[in-house]
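Below: one structure, written as structure tokens.
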Amino acid sequence: MNPESPLDELMICRLDSARKAVEPCTIVIFGASGDLTARKLIPAFYHLHLEKQLPAKYRIIGFARREKTDESWRNELREALAQFSRTKPVDDPVWREFATNISYCRGDLTDTAAYDRLRAKLDSFGDATLRQNLLFYLATSPSQFGRVAEQLDNAGLLHREAAAGWQRVVVEKPFGHDLASAHALNSELTRFAHEQQIFRIDHYLGKETVQNILMFRFSNSIFERLWNRESVDHVQITVSEKMGVGGRGGYYEEAGALRDMVQNHLLQVLALVAMEPPVSLEAESIRDEKVKLLKSIRQLPPDSSAKQVVRGQYFAGLVDGQPQPGYRQEAKVKPESNVETYVALKLFIDNWRWSGVPFYLRTGKCLPLGASEVRVQFRPTPHVLFAAACGPRLDPNALTLRLQPNEGIYLRFNGKVPGTNIGVRPVRMHFSYDTEFGAYTPEAYERLLLEAIAGDATLFIRRDEVETAWQIVDSIRQGWEGKPLTNREFYGAGTWGPIAAEELLASSGHVWRDPQPIK
Ligand code: BG6
């Protein structure tokens, strides 16, 4: 960014000085042979190393069952990096330097001896901080979380009570599959670690534009005063994906879009869009406000949720001109599966700010465009002065926060078409990240890993947050139980979802505004 005035410069300096202090530490990745490590974690660490954001001293240990040496694991990671790094080509001297920090520990998650080997490896590090400051990254199935924590506790590596250094546990989603299982997981984990040591990932919170929601809302005075029931007609949150479930059919059969996307990413975005201003930027202040918001969402009793929730499943079609099989034809999916690949919801937030304002959320696979957006649609003008010339309905004003891709914010309002006649047309004011700041697209995982190392839990989900979100989702699921999908709930791959989703909005006089490709 090119500072244009001393004021710009001042702002940038402030932001730079807010860079997190990070202490030397060791990161242990459990489930290190998995996809996540190769696709996300190692590329993220590589970039943090490249940008000199990691501590002056650090180590990364991969823990997994397969037989590998330090050397063979590094070679595997180097190949994966060539494929998944966001900057290409990989810088070889930087990689070699980075790779000296990486080693492998073979072991079964349930085998006590393996944890002894891990401890011996840690003990071999000369620097005490590398032995004591430990970030355990559990890229395993949630059913293993408790067991790994217990083994770490037995091996004297995870201390719930005050001990030298710090130990933190990062856990991947899905965090349970319903409220009861999430509650049980929480109880299991908190036997061995305090809530403050547990960092539950929702990678949407690491996205630059998702973080910008708070910055946008609470550092500008013009919009926040419109951010309420007086001015806002309704809000649409869309997270659409072009891809089908691909190789993840087995997982998806257990999850479905409601658990996979709504319980976490969509409700998190909703919470940030609608929450009250936090009293400070402390993690707990922000998380308190998010929980308050989630608790204000009107519960949907199972017997009436059908009126406010639509599910869908894609059948074969064309996405971008390419044939896409139907969900039921995907690998590891039951041919008669009723699992939803699309969900649309109409939610109400029962508080002073939002009473009566519908929040429409939708997400789906095999839609025409991969894009995430929040669209805040404002109330119509009380009277249309130009009705005689332009018709009784003007296009409503709307503010769109484009979360990805082509990140930006745009405001849609009506303008006069040049000419001697009175003609009105919607026009847009557009802020684009790329144009303003240049191409800067760190992966969400880079931010999240750094925050976990720094011990800042703001971008991680607190226990009560995850449990409240499950409560909302569970009651919807109960409403679906034992009910097969009907014809109105299927949609062709490459379309914007089932007809029932259109009807959901039409009943309140609204229509979905689909995200558009932006050049
Ligand atoms: C993951 C879901 O959490 O988020 C996937 O499990 C989904 O099904 C992905 O595709 C979407 O993330 P992003 O960052 O590509 O929008």
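Where a number appears in this text, it was derived from the coordinates with a stated rule and is not lab data. Since this is a predicted model, take the numbers as computed values, not measurements. Reconstructed Cβ throughout: ideal geometry from the backbone, glycine too, with neighbour counts over all protein chains shown.
Summary of values
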{"read-out": "Normalised per residue, the volume of the convex hull around the Cα set of the range 23-135 (Å³)", "value": "96"}
{"read-out": "Fewest-first sequence of W227, W73 by Cβ atoms within 10 Å of each Cβ", "value": "W227, W73"}
{"read-out": "Column: log10 I(q)/I(0), Debye, Cα scatterers of the range 283-346, q = 0.15, 0.20 Å⁻¹", "value": "-0.72, -0.86"}
{"read-out": "Rounded to 5, the percent of DSSP beta bridges in the chain classed as antiparallel", "value": "55"}
{"read-out": "Where the Cα pairs of the range 242-333 fall when distances are cut into 5 Å bins, in %", "value": "2, 11, 15, 17, 14, 13, 12, 9, 5, 2, 0"}
{"read-out": "Around R74: net Lys/Arg minus Asp/Glu count, Cβ-Cβ under 11 Å", "value": "-1"}
{"read-out": "C-alpha long axis of helix 444-454 to longest principal axis of the chain, angle in °", "value": "50"}
{"read-out": "Burial ordering of F386, F359, fewest other beta-carbon atoms within 10 Å first", "value": "F386, F359"}
{"read-out": "Gain on full stretching of the segment that runs from N75 to L385 - 0.36 nm per residue minus C-alpha separation", "value": "104.7 nm"}
{"read-out": "Set of aspartates and glutamates with alpha-carbon distance to K416 below 15 Å, sequence-local pairs under 8 removed", "value": "D395"}
{"read-out": "For the range 182-282: relative contact order, % (alpha-carbon pairs under 8 angstrom, 6 or more apart)", "value": "39"}
{"read-out": "Linear extension gain, N414 paired with A56, 0.36 nm per residue minus alpha-carbon span", "value": "123.5 nm"}
{"read-out": "Computed Rg/Rh of the range 77-234, alpha carbon atoms with Kirkwood Rh", "value": "1.08"}
{"read-out": "Between helix 6-17 and the chain: long-axis angle, C-alpha atoms, 0 to 90°, nearest 10", "value": "40"}
{"read-out": "Pairwise centroid distance, computed over Cα atoms, of the range 450-518 with the range 420-446, Å", "value": "26"}
{"read-out": "Rule-of-thumb Rg ratio for the range 215-263 [Cα; 2.2 N^0.38 Å; N residues]", "value": "1.83"}
{"read-out": "Kirkwood hydrodynamic radius (C-alpha pairs) into Stokes-Einstein, the chain, 10 °C and 1.306 mPa s, D in µm²/s", "value": "64"}
{"read-out": "For the range 452-519, alpha-carbon Rg relative to the globular expectation (2.2 N^0.38 Å, N residues)", "value": "1.67"}
{"read-out": "Debye, to nearest 20: dipole size of the range 200-269, +1 on Lys, Arg Cβ, -1 on Asp, Glu Cβ", "value": "120"}
{"read-out": "Förster radius 60 Å - calculated FRET efficiency between R393 and S124 (Cβ-Cβ, nearest 0.05)", "value": "0.25"}
{"read-out": "Rounded if a/c under 1.5, otherwise prolate or oblate - the range 356-453, Cα gyration tensor axes", "value": "prolate"}
{"read-out": "Most to least packed among 286-298, 187-199 [average Cβ atoms within 10 Å]", "value": "286-298, 187-199"}
{"read-out": "Net charge dipole size for the chain [Lys, Arg +1 and Asp, Glu -1 on Cβ; Debye, nearest 20]", "value": "860"}
{"read-out": "10 °C / 1.306 mPa s Stokes-Einstein diffusion coefficient of the range 303-398, Kirkwood radius on C-alpha pairs, µm²/s", "value": "92"}
{"read-out": "When each of K334/K483; K20/K207; K207/K292; K295/K346 is checked by Cα-Cα distance, pairs over 20 Å", "value": "K207/K292"}
{"read-out": "Part-to-part distance (alpha-carbon centres) for the range 158-192 and the range 226-301, which is given in Å", "value": "22"}
{"read-out": "Estimated FRET transfer efficiency when R0 is 41 angstrom, pair Q329-D434 (beta carbons, to 0.05)", "value": "0.60"}
{"read-out": "Cα gyration tensor shape of the range 337-389, rounded if a/c is under 1.5, else prolate or oblate by comparing a/b with b/c", "value": "oblate"}
{"read-out": "Stokes-Einstein D (µm²/s) once Rh is taken as the Kirkwood radius of the range 104-168 over alpha-carbon pairs, at 25 °C in 0.890 mPa s", "value": "199"}
{"read-out": "Distant alpha-carbon pairs in the range 174-298 (separation over 20 angstrom), percent", "value": "55"}
{"read-out": "Label point distance in nm, D464-R147, each placed 7 Å from Cα along Cα→Cβ", "value": "3.3"}
{"read-out": "Separation of the E481 and R425 label points, Cα + 7 Å toward Cβ, nm", "value": "5.5"}
{"read-out": "Cα-projected label distance for H183 with N154, points at 7 Å along beta-carbon direction, nm", "value": "2.8"}
{"read-out": "Added length on full extension, which subtracts the Cα-Cα distance from 0.36 nm per residue, N228 to S507", "value": "98.2 nm"}
{"read-out": "Contact order normalised by residue count of the range 42-189, Cα under 8 Å, 6+ apart, percent", "value": "22"}
{"read-out": "Area projected by the alpha carbon convex hull of the range 418-499, averaged over all directions, nm²", "value": "12.9"}
{"read-out": "On Cα atoms only, tilt of 112-123 relative to the major axis of the chain in degrees", "value": "80"}
{"read-out": "Contact order relative to length of the chain, as percent, for alpha carbon pairs under 8 angstrom and 6 or more apart", "value": "17"}
{"read-out": "Highest average packing first - 313-321, 127-135, Cβ atoms within 10 Å", "value": "127-135, 313-321"}
{"read-out": "Pairwise FRET efficiency - R117 versus K88, Cβ, R0 = 45 Å, nearest 0.05", "value": "0.80"}
